[in-house]
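Novice: Please see the structure below; I have some questions.
Each value in this text was obtained by applying a stated rule to the coordinates, not by laboratory testing. This structure is a prediction, so every number in the text was calculated from the model and none was measured. Don't worry about glycine lacking a Cβ; one is built from the backbone with ideal geometry, like all the others, and counts go over all protein chains shown.
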Amino acid sequence: MASVKLIVGLGNFGPEYDFSPHNMGFAVIDRLAARNSVRLGRKQSQSICGILRLEGSDAWLIKPQTYMNLSGAAVKDWLVKQECSPEDLLVIYDELDLPWGAIRVRERGGPAGHHGMESVIKSIGSKEFARVRIGVSPDRPLSDTIEYLLSPLGKSKRGELNDIVDRAAEAVETYLREGAAKAMNRFNQKIERDAAQS
C-alpha cells in the first residue's frame with residue numbers, strides 16, 4: 001500500500017455548496033468514507049476527519065473547514081501535528097481546465113490557478129505531493145466562472161456527478177493499494193479511451 005497518511009479533499013463547508021463543482025474534493029472524501037465504513041465525525045486541526053483502514057494501513061480522511069482559499073492552513077496543521085512530510089499527502093480537488101468527468105492522478109505539480117491548491121502549496125512550501133484532479137469544465141462557455149464553481153449542479157448533472165465521484169474514489173483506493181503508476185494508467189486515459197470506443 002502507498003505510504004499516504006493524509007487524504008485531503010478540498011471544498012467549502014455549508015449545505016449551500018453541496019453538489020457544486022468546487023466541492024468535488026469533499027464529495028470524494030464522503031464517498032471514500034461510505035465505501036469503507038468510515039465515520040467522519042471527529043473535529044481536529046480545523047477539519048472534519050476520520051480514519052480509513054485499508055488492507056492493514058491507516059490514513060486520515062480530511063475535509064478542511066477553513067473555506068477553500070485557506071485550505072493550506074489546515075493541511076499544514078495536519079503535517080505538523082502528525083509529523084508527516086508532503087510525500088505522505090494526497091489532495092483531491094476539482095479542475096476547471098479538465099473536461100467534465102476526467103480523472104487525473106499525479107504525483108506532483110503546480111496549482112494551475114486553483115486557489116485551494118495555491119494555499120496548500122504556499123502553506124507547506126512544496127509541490128511534491130500526490131493529487132487526484134477531477135475535471136469540471138462544462139460543455140458550454142462560462143460567463144461567470146466563480147458562480148458556476150460555487151453553485152449546485154442541475155438535476156440532470158447529478159446522476160453523472162455520482163458516477164464521477166465513485167470513479168474518483170476508486171482512483172484513490174487504487175493509488176493506495178497499487179501505487180501511483182497503476183492508478184495513473186487505469187484512470188488518466190479513461191475519458192479518451194471511452195471516446196475512442198464510442
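Novice: Pull out the extension gain between Glu160 and Asn36, defined as 0.36 nm times the separation in residues minus the alpha carbon to alpha carbon distance; nm, one decimal.
Specialist: Value of the extension gain: 42.5 nm.
Novice: Express the relative contact order of the stretch 1-63 as a whole percentage, based on alpha carbon pairs under 8 Å and six or more residues apart in sequence.
Specialist: Computed over the stretch 1-63, the figure is 37 percent.
Novice: Go through 46-54, 11-19, 147-155 and give me the packing order, highest mean Cβ count within 10 Å leading. List each step's numbers first, then the result.
Specialist: Details: 46-54: 18.3, 11-19: 15.9, 147-155: 13.9.
My ranking of the peptides, most packed first, is 46-54, 11-19, 147-155.
Novice: Quick one: work out the % antiparallel among DSSP beta bridges in the stretch 53-198, nearest 5.
Specialist: Bridges in the stretch 53-198 are about 45 percent antiparallel.
Novice: Continuing with this model, one more query. Through the Karplus equation 6.51 cos²θ - 1.76 cosθ + 1.60, θ set to phi - 60°, convert the phi angles of the stretch 47-55 into ³J(HN,Hα) values in whole Hz; use x for Gly and Pro.
Specialist: In residue order, the calculated couplings are 8, 9, 8, x, 9, 8, 10, 10, 6 Hz.
Novice: Then there's this: Which label marks the calculated value of Cα Rg over 2.2 N^0.38 Å, given the options [x] 1.02; [y] 1.18; [z] 0.95?
Specialist: Recomputing Cα Rg over 2.2 N^0.38 Å here gives the entry labelled [z].
Novice: Please give the length that would be gained between Asp139 and Asp97 if that part of the chain were fully extended, namely 0.36 nm times their separation in residues minus their C-alpha to C-alpha distance (nm, one decimal).
Specialist: Here the answer is 13.9 nm.
Novice: Would you mind checking Lys76/Lys127; Lys5/Lys122; Lys81/Lys182; Lys5/Lys155; Lys76/Lys157 for any pair whose Cα atoms are more than 25 angstrom apart? Intermediate results must be reported in sequence, preceding the final value.
Specialist: On the way: Lys76/Lys127 13 Å; Lys5/Lys122 20 Å; Lys81/Lys182 31 Å; Lys5/Lys155 35 Å; Lys76/Lys157 34 Å.
Beyond 25 Å: Lys81/Lys182; Lys5/Lys155; Lys76/Lys157.
Novice: Within the stretch 79-99, whose backbone N sits under 18 Å from a point 7 Å along Cα→Cβ of Glu128?
Specialist: Residues passing the 18 Å test: 79-80, 83-91.
Novice: Between the stretch 94-154 and the stretch 47-88, how many Å separate their Cα centres?
Specialist: So the two Cα centres are separated by 18 Å.
Novice: To the nearest 20 debye, what charge dipole does the chain have about its Cα centre, counting +1 at the Cβ of each Lys and Arg and -1 at the Cβ of each Asp and Glu?
Specialist: So the magnitude is around 340 debye.
Novice: Amide H neighbours of Glu95 under 5 Å, counting only residues 5+ apart in sequence or on other chains, H built in-plane at 1.01 Å?
Specialist: Ile134, Gly135, Val136
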